[in-house]
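The next block holds one structure in the form of structure tokens; read it before the comments.
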Amino acid sequence: MKLNDIQPFVRQAVICKLHSGLYTGKKIKTRDCRLFYILHGNGEMLIEGKRYTLKANSVILFQTGTEYVWQSSDVRYIAINFDYTQDYSHIKRTFSPINAEIFPKDNFSQKIIFDDAQELNGEIVLFNCHDSATKITNLAVEINTAGEFKDELLSSLLKSIIISIIRQKRERLCSGDTKGSIITRQIIDYVQQNYSNHITNKDLSERFFFNPSYANRVFKAHTGFSIRTFIIDYRINQAMEILRTQNAIISETAFLVGFSDIPHFIKTFKKHVGKTPTEYVKSNSI
């Protein structure tokens, strides 16, 4: 399978605290895939015999049938149970970990082999994953929120998280322009999480401690866009999504995507889309 082909099915996303004696020291496996994000605390986990020391902002991702052992009683974390496909989306109930010694060989969800993201064929453990925190937290909140197309949104969110994890892992292993890739990723993630707020190159430089001109050159070399162009494009794309899927008025939409000047928003929207927001809404109405 290729990474682009996945359509994750999110079965559960919950905030947990590892209590003393709960799975601690026991070799366990799970029927579906797991993603853990450590909120706070310290501890250890053995995954297929390899020991990892965990702390806040650590991410652990592995497939069904992976043997692991919790070795901590002081960890609070988000646990996401999921499949990489929709093949078993009809099975809504969650699955508790199973003693590894009695794990069924005919488990319904089989391990998937990835051709272009071989990192997913084994476990992934990353530290200092601050960039993933907001996305993972949003997913955990969304799963408990009533709304149309919730499963589709959860699937999209998780796919985005998985791709982000793969990118972070590769960037950290890359021996080439690692610094430039990290700066670019930091800017993109920050914009995606804060596009509704006022953002300038100066704000970004102060947040991530780099020279504004240098950051803009690096960003353009990696994306083909200036930082400012990327911010505007992202805001307009979000505005299109809001206007297409929500019953929001033009002024409200402008505010939600970071425009305080309504005429400027309308002018910018028309420049990028070829239609005013009102024309766009009419063209997409049923």
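Here are some notes:
- Taking one quarter of the surface of the convex hull spanned by the alpha-carbon atoms of the range 1-145 gives a direction-averaged projected area of 8.6 nm².
- When the C-alpha to C-alpha distance is required to be over 28 Å, the pairs from LYS26/LYS92; LYS135/LYS179; LYS27/LYS55; LYS159/LYS220; LYS135/LYS275 that qualify are LYS135/LYS275.
- For the range 210-285, convex hull volume per residue from C-alpha positions, Å³: 103 Å³
- Solvent-accessible area of HIS40, all protein chains in place: 90 Å² (probe radius 1.4 Å, heavy atoms, ligands and nucleic acids excluded).
- Normalised per residue, the accessible area of the chain is 53 Å², obtained with a 1.4 Å probe and no contribution from ligands, DNA or RNA.
- Using the Cβ of ALA56 as centre and a radius below 13 Å, the other residues enclosed give a net charge of +1, where K and R count +1 and D and E count -1.
- Fully extending the segment from ASP87 to PHE225, taken as 0.36 nm per residue of separation minus the present Cα-Cα distance, adds 45.8 nm.
- Here ILE163 and GLU67 are evaluated by their C-beta separation; at R0 = 30 Å the FRET efficiency comes out at 0.70.
- ASN128-THR278 FRET efficiency (beta carbon distance; Förster radius 35 Å; 0.05 resolution): 0.20
- For the chain, the longest site-free run once trypsin sites (Lys or Arg not before Pro) in DSSP loop states with at most 13 other Cβ atoms within 10 Å are removed: 106-286
- Remark: spin-label model distance HIS198-ALA146 equals 3.9 nm, labels positioned 7 Å along the Cα→Cβ axis.
- The simple Förster model, with R0 at 45 Å and r as the Cβ-Cβ distance, assigns GLU252 and LYS2 a FRET efficiency of 0.70.
- Most fluctuating residue given options VAL125, VAL273, VAL257, as computed from a GNM of the chain linking Cα atoms under 10 Å: VAL273
- Loop-located chymotrypsin sites (Phe, Trp or Tyr not before Pro) across the range 89-158 with a Cβ neighbour count of 13 or fewer within 10 Å are PHE108, PHE149, with loop assigned by DSSP.
- Taking the C-alpha atoms of the range 151-250, convex hull volume expressed per residue in Å³: 110 Å³
- Relative to the longest principal axis of the Cα atoms of the chain, helix 212-223 runs at roughly 70 degrees.
- Solvent-accessible surface ranking, highest first, for LEU126, LEU39 at 1.4 angstrom: LEU39, LEU126
- The Cα atoms of the chain cover 65, 48, 36 Å along the three principal axes, with the biggest extent listed first.
- For the range 64-134, alpha-carbon Rg and Dmax in angstrom: 14.5, 37
The values are calculated or read from the model by the stated rules, or taken from the named source; none is laboratory data. What you are looking at is a predicted structure, and each value in this text was computed from that prediction instead of being measured. Here the Cβ is made from the backbone with ideal geometry for all residues, glycine too, and neighbour counts use every protein chain on show. Areas reflect the complete protein model, heavy atoms only, side chains present, ligands, DNA and RNA absent. Shrake-Rupley method; radii C 1.70, N 1.55, O 1.52, S 1.80 Å.
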